[in-house]
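For reference, the structure discussed in these notes is given below.
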């Protein structure tokens, strides 16, 4: 799933480049990106906005809900 919005997609690409430049393994980068994309998908489904995160969006319980199916 691609993040909606050009800004978010560019930010994710920049983060990926940062991970590569800091020696993270391909597997680590793949896992980070998968988790970020899962969070973004969940957030959008909840009516949130990935480019305007709130503290409530980032609570432990909210993040745990991402992986409930």
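The values are calculated or read from the model by the stated rules, or taken from the named source; none is laboratory data. Since the model is a prediction, treat every value here as computed from it, not as a measurement. Note that each Cβ is placed from the backbone with ideal geometry, even for glycine, and that neighbours are counted across all protein chains shown.
Under 8 Å by Cβ, and 6 or more places apart or on different chains, what pairs join a residue from the range 4-15 that is over 13 Å from residue 39 (Cβ atoms) with one that is surrounded by 11 or more Cβ atoms within 10 Å (Cβ to Cβ) and at pLDDT below 60?
9/3
Given the conditions (1) at pLDDT below 80; (2) surrounded by fewer than 11 Cβ atoms within 10 Å (Cβ to Cβ), which single one is not true for residue 26?
(1)
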